[in-house]
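Input: a single structure, listed below in structure tokens.
The values are calculated or read from the model by the stated rules, or taken from the named source; none is laboratory data. These numbers come from a predicted model, not from an experiment. No Cβ is skipped: glycine too gets one built from the backbone with ideal geometry, and neighbour counts run over all protein chains shown. Each accessible area value is taken on the protein alone, full model and side chains, heavy atoms only, with ligands, DNA and RNA left out. Shrake-Rupley method; radii C 1.70, N 1.55, O 1.52, S 1.80 Å.
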Amino acid sequence: MSYIVWFSDPYPGDVRHLGGKNASLVTMTAAGMPVPPGFAVTADAYRRVFAESGLEQRMAALLDGLDVTDQAAVKVAGAAARDAVTSVPLPQWLTDEIVAAYDELAARCSDPHVGVAVRSSATSEDQPDASFAGEHDTYLWVRGHDSVIDHVRRCWASLFTDRAITYRREMGYADGTAAMSVGIQKMVTPRTAGVAFTLNPTNGDRSQVAIDASWGLGEAVVSGSVTPDNFLVDKVMGQVTSRTISPKHVEHRLGDDGRVVECDVEPERRDAACLSDEEIRAVAALARRAEKHYGCPQDVEWALDAQLPDGENVLLLQARPETVWSRKPRTSPLNGVAKDTFRSIVATLLDGHHAQGVDAHHGHPHSVETTRDTEHPQSVG
């Protein structure tokens, strides 16, 4: 039995063994969307290691009966749980598979030390009644066998952050029912990156795509380090109907030592739009492809790879269901897509500015932190 699943290979098993993020990456790759290559360590590997190493019993002893309203107790129990997970050596049967898969990915990318994102993908993610996005850790620009193996353990350990423990209990999920798959995915070198919603997160209007973008890695957007540029794109007419260009004083880049660093943005780029209109429409089209594939509004992470030619450089890093407006009841059809689409067509046809897409520096940027369950690309544990 293999504990590795490539994003590019058909997966005959139950996608729940891959967790929410990895199942999405497998599905999007199979649908022909531009997803960077990679593979997943299945949740079955987590379960087997926990059972054979005694971690299962140790977690139960630490967490059973824990009062999550007592944050001091949660902090002590969570720290002990994470330390226990990260201190257990991975067995040879698993390290051999991870090393072989990393070497294969490096060969496919023609880079023996290929940098990867190591992403947590819990089996409890993206449940219909809960969203665990942001509760678990992701690590960027990880290189080499030992580092990848170490960060797989860290992702497992992030199942026991204070926030994750508390949220599971609040949502009625038992600790023992959750397991962690881990995704290992080639990093891109973004000129620009960000998030996109296939509805307007300020009012739930499904006739629009809302895009937040900033220079460099997307961590600047999801962590709130900058106020991103914000664009609204009309789904029907494909026009950029609103844009807000914000001062972007910092960006996250890959440093010379292979670590992600925060750098000052050169003065000439700070107040410049980080996406052209053509690129804005390309990002919106990619987000719409994800929405069409999944059949519901999506919250998408994307990047423009600086090493790829124009027209091929917009990459889909992740897509998950939008979890704020999608849960709100819609009282009648006129309050749904039909009304939004009709209003959108009329507004676009009547408003010359919208039709030409020239209302620069006008609009209402939304807060990523208040409308999106953010995933922090660095360790929070």
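Go through (1) assigned to a strand (DSSP E or B); (2) closer than 30 Å to residue 80 by Cα one by one and return the number of the condition residue 191 breaks.
(2)
Let's see how each residue does on (1) on the phi > 0 side of the Ramachandran plot; (2) free of Cβ contacts under 8 Å to residues at least 40 places away in the same chain; (3) not hydrophobic (A, V, I, L, M, F, W, C):
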{"site": "4", "(1), (2), (3)": "no, no, no"}
{"site": "8", "(1), (2), (3)": "no, yes, yes"}
{"site": "11", "(1), (2), (3)": "no, yes, yes"}
{"site": "15", "(1), (2), (3)": "no, yes, no"}
{"site": "22", "(1), (2), (3)": "no, no, yes"}
{"site": "30", "(1), (2), (3)": "no, yes, no"}
{"site": "43", "(1), (2), (3)": "no, no, no"}
{"site": "46", "(1), (2), (3)": "no, no, yes"}
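Could you identify the single residue in 76, 49 that is of a type in the set (A, V, I, L, M, F, W, C) and under 30 Å from residue 186 (Cα atoms)?
Answer to the check: 49.
Give region 27-51 a look and list any residue that's open to solvent by 10 Å² or more (accessible area, probe 1.4 Å) and touching a Pro at 6+ places or on another chain (Cβ under 9 Å), or say none.
Of everything in region 27-51, those that are open to solvent by 10 Å² or more (accessible area, probe 1.4 Å) and touching a Pro at 6+ places or on another chain (Cβ under 9 Å) turn out to be 29, 30, 48.
Using beta carbons and a limit of 8 Å, which pairs, at least six apart or on different chains, have the first residue in region 49-73 and farther than 21 Å from residue 95 by Cβ and β-branched (Val, Ile, Thr) and the second one at pLDDT 95 or above and surrounded by 11 or more Cβ atoms within 10 Å (Cβ to Cβ)?
Hits for this filter: 68/74.
Checking the structure you have, find out if any residue of region 131-141 is more than 20 Å from residue 35 (Cβ to Cβ), outside any loop (DSSP other than H, G, I, E, B) and of a type in the set (Ser, Thr, Tyr).
No.
For the structure I just gave you, tell me whether residue 274 is closer than 19 Å to residue 317 by Cβ and touching a residue at least 24 places away in the same chain (Cβ under 8 Å).
For residue 274, the condition - closer than 19 Å to residue 317 by Cβ and touching a residue at least 24 places away in the same chain (Cβ under 8 Å) - is met.
Give me the pairs: first residue in region 85-109 and in a loop (DSSP other than H, G, I, E, B), second residue open to solvent by 60 Å² or more (accessible area, probe 1.4 Å), beta-carbon distance under 8 Å, and six or more apart or on different chains, which are they?
From residues that are in a loop (DSSP other than H, G, I, E, B), the pairs are 91/52.
Only one of (1) closer than 30 Å to residue 95 by Cβ; (2) modelled with pLDDT of 95 or more fails for residue 219. Which number is that?
Going through (1) closer than 30 Å to residue 95 by Cβ; (2) modelled with pLDDT of 95 or more one by one, residue 219 breaks only (2).
Within the set of pairs 6 or more residues apart or between chains, which connect a residue that is in the same structural domain as residue 217 (by TED's automatic domain parsing) and open to solvent by 70 Å² or more (accessible area, probe 1.4 Å) inside region 306-332 to a residue that is at pLDDT below 85 and not in a strand (DSSP E or B) with Cβ atoms less than 8 Å apart?
Close Cβ pairs (under 8 Å, with a partner that is at pLDDT below 85 and not in a strand (DSSP E or B)) amount to 330/336.
Considering region 277-291 alone, what residues qualify as being open to solvent by 10 Å² or more (accessible area, probe 1.4 Å) and either in contact with a Gly (Cβ under 7 Å, 6 or more places away or on another chain) or of a type in the set (Val, Ile, Thr) (or both)?
If the condition is that a residue be open to solvent by 10 Å² or more (accessible area, probe 1.4 Å) and either in contact with a Gly (Cβ under 7 Å, 6 or more places away or on another chain) or of a type in the set (Val, Ile, Thr) (or both), then 277, 281 are the ones that fit.
Residue by residue through region 244-272, note down the ones that are farther than 15 Å from residue 219 by Cβ, open to solvent by less than 50 Å² (accessible area, probe 1.4 Å) and modelled with pLDDT of 95 or more.
Those that are farther than 15 Å from residue 219 by Cβ, open to solvent by less than 50 Å² (accessible area, probe 1.4 Å) and modelled with pLDDT of 95 or more: 244, 245, 246, 272.
Is region 225-233 home to any residue that is open to solvent by 20 Å² or more (accessible area, probe 1.4 Å), assigned to a strand (DSSP E or B) and in the same structural domain as residue 76 (by TED's automatic domain parsing)?
no
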